[in-house]
Amino acid sequence: MMEASPPDAAEAGSFEGYFRDPGLAAEQPLAWALGRRLDALDALRGLFNGPQALVQLRLWCFLELAGQPQARLSRDDLNRLFHTLRPEALDLALKRLRELNLLVWDATAQDHHLSPLAQQVLALLVPLGTPPATDGSEADEEMGALLAQVAGAQQLGLVNASQLKHLHAQLARLHDEFAEAIASGSEARLRLAQPRFDRALQLVDRAGQALTALIRADHLDPRLEREARAIGQEQARLLAMASQFTRALQQADRQRVTLGSTGLTTSDVRAWLQGHPALYELLGDALHTPVRPVMVSQHDLVDVAEGEFERDRPNAGEAAGLPPPAEAATGTLDVLSLPAELGGLIDLFGRWSELATEAAAAQAASGEAEDPNAPPPGTRPLAEAVLGGRFAQAAYRLQLLPLLGDAQAQTLKGLTGDLARSPWRWAPTPRHVATDDEAVALISEGHLRPDAALLATAPSPAASDATPSEAPTAS
């Protein structure tokens with residue numbers, strides 16, 4: 001039995017036949033504009049009709065012809081230009097271009113030239129001849145092309161509402177995409193969207209002068225003025241999202257967990273797992289017993305269900321009394337102890353402080369003039385406080401050194417505050433030096449110097465050499 005044809009089957013051959021009222025087609029601005037470009041639509045339809053390889057051949061030939069500086073091309077010029085093609089393939093492509101009125105054959109001059117229609121189609125197909133970006137910014141090519149088109153049209157005074165409408169839509173899509181990434185709270189998604197967000201801000205900033213001039217200009221077309229103001233609002237929304245994006249990344253950083261004293265974080269583990277070529281190899285020999293499926297028949301399922309229904313269950317309506325009082329058992333409160341390296345570092349700085357005080361006193365007693373370029377007495381290399389033990393222990397001690405002299409950490413109680421209040425300061429350099437340690441091959445070059453307040457406690461030579469009768473007294 002044949003299906004009944006739709007009521008508008010007779011009008012399906014026209015664009016207006018797809019509307020509920022054919023008269024509404026002319027009232028749509030975009031539909032009206034497309035109706036004035038039917039020749040370009042037919043040319044594009046003819047170019048893209050057929051298999052993919054054949055379409056690629058036609059586009060390549062058309063773009064190569066459009067890129068030639070000669071206004072007219074003879075048959076010999078075409079043969080030299082497309083010498084890599086087989087003759088039948090070249091004739092097939094040229095025949096289609098002539099049928100679409102993109103390439104015109106002049107029988108009098110015996111040469112070819114591009115038609116005005118080809119120039120219109122070329123403006124639409126130029127982006128296809130641009131190679132894709134290699135820095136991961138393929139998704140931003142559309143907005144970059146739209147911004148370049150709008151900025152260039154603004155300089156020439158050829159801006160139209162359709163260009164602004166497409167740019168407004170692209171900015172809105174980017175804003176929604178970045179807003180979803182922020183709302184997700186996923187560090188992986190935020191890191192993935194961050195390069196796109198930075199590139200979008202750069203593109204908007206580069207085209208900001210043209211967009212500002214476009215927004216402030218007086219437009220006779222109300223649609224053009226409306227779209228220009230909408231672009232300004234969308235641009236402001238995108239720029240205001242920069243602070244939200246930064247806060248979301250900082251929140252993700254605060255949620256990152258450090259795995260013990262190894263220095264590795266959950267982000268490092270995730271990145272390593274994502275780059276692993278075969279995750280199944282990590283199991284190794286963990287699965288010694290293969291998976292054994294258990295097949296249960298319908299009768300077994302029925303028996304189990306009947307047994308569950310017939311099983312004695314407590315009556316939910318009966319209220320159960322509270323249990324009798326009982327003495328609470330004696331318990332202990334386990335407090336997390338800090339690593340032993342922290343206490344050892346504090347003790348080391350205490351011994352160094354005594355030695356630095358003695359060295360400062362000895363230098364003061366000798367009466368030697370202090371060299372302003374020489375380090376203070378008692379200065380120690382950075383490696384003496386860091387190296388020792390396993391690599392994790394050395395890395396932990398190196399991470400503790402920034403606490404020295406920290407104003408916020410000095411207010412804390414416990415070993416962390418004691419370390420921050422130690423009269424020592426560290427000064428690393430961007431250079432590395434080799435070590436003889438078994439666990440650390442290279443370490444940052446630097447030194448630990450005692451604080452000036454520590455050296456000030458050393459007795460002066462006048463006070464140490466003076467007799468009791470010569471000591472100054474207060475009157």
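The values are calculated or read from the model by the stated rules, or taken from the named source; none is laboratory data. As the structure is a prediction and not an experimental result, all values here were calculated from the model. Glycine also receives a Cβ, built like all others from the backbone with ideal geometry; neighbour counts cover every protein chain displayed. Calculation scope for accessible area: heavy atoms of the full protein, side chains included, ligands and nucleic acids excluded. Shrake-Rupley method; radii C 1.70, N 1.55, O 1.52, S 1.80 Å.
What to note about this one:
- Of the criteria (1) at pLDDT below 85; (2) among the aliphatic types (A, V, I, L, M); (3) open to solvent by 30 Å² or more (accessible area, probe 1.4 Å); (4) in a helix (DSSP H, G or I), which one residue 361 fails: (3)
- Residue match in segment 85-98 (condition: touching a residue at least 24 places away in the same chain (Cβ under 8 Å) and basic (Lys, Arg)): yes
- Per-region count, segment 415-435, residues open to solvent by 30 Å² or more (accessible area, probe 1.4 Å), without any contact (Cβ under 8 Å) to a residue 24 or more places away in the chain and over 34 Å from the mean Cα position of the chain (by Cα): 2
- Any hit, segment 322-338, residues being part of a loop (DSSP other than H, G, I, E, B), within 30 Å of residue 400 (Cβ to Cβ), under 46 Å from the mean Cα position of the chain (by Cα) and modelled with pLDDT of 75 or more: yes
- Answer residue from segment 80-129, given it is β-branched (Val, Ile, Thr) and open to solvent by less than 90 Å² (accessible area, probe 1.4 Å) and is farthest from the chain's Cα centre (by Cα) among those: 104
- The residues on offer are 27, 16, and the sole one that is surrounded by 14 or more Cβ atoms within 10 Å (Cβ to Cβ), of a type in the set (Asp, Glu), over 26 Å from residue 95 (Cα atoms) and out of contact with any strand residue (DSSP E or B) (no Cβ under 6 Å at 6 or more places or on another chain) is 16.
- Residue match in segment 386-401 (condition: in contact with an Asp or Glu (Cβ under 8 Å, 6 or more places away or on another chain) and free of Cβ contacts under 8 Å to residues at least 40 places away in the same chain): no
- Residues in segment 170-207 that are more than 18 Å from residue 250 (Cβ to Cβ) and among the β-branched types (Val, Ile, Thr): 204 only.
- Residue that is nearest to residue 377 (Cα to Cα) [pool: residues in segment 411-440 that are among the β-branched types (Val, Ile, Thr) and either in contact with a Lys or Arg (Cβ under 8 Å, 6 or more places away or on another chain) or not in a helix (DSSP H, G or I) (or both)]: 429
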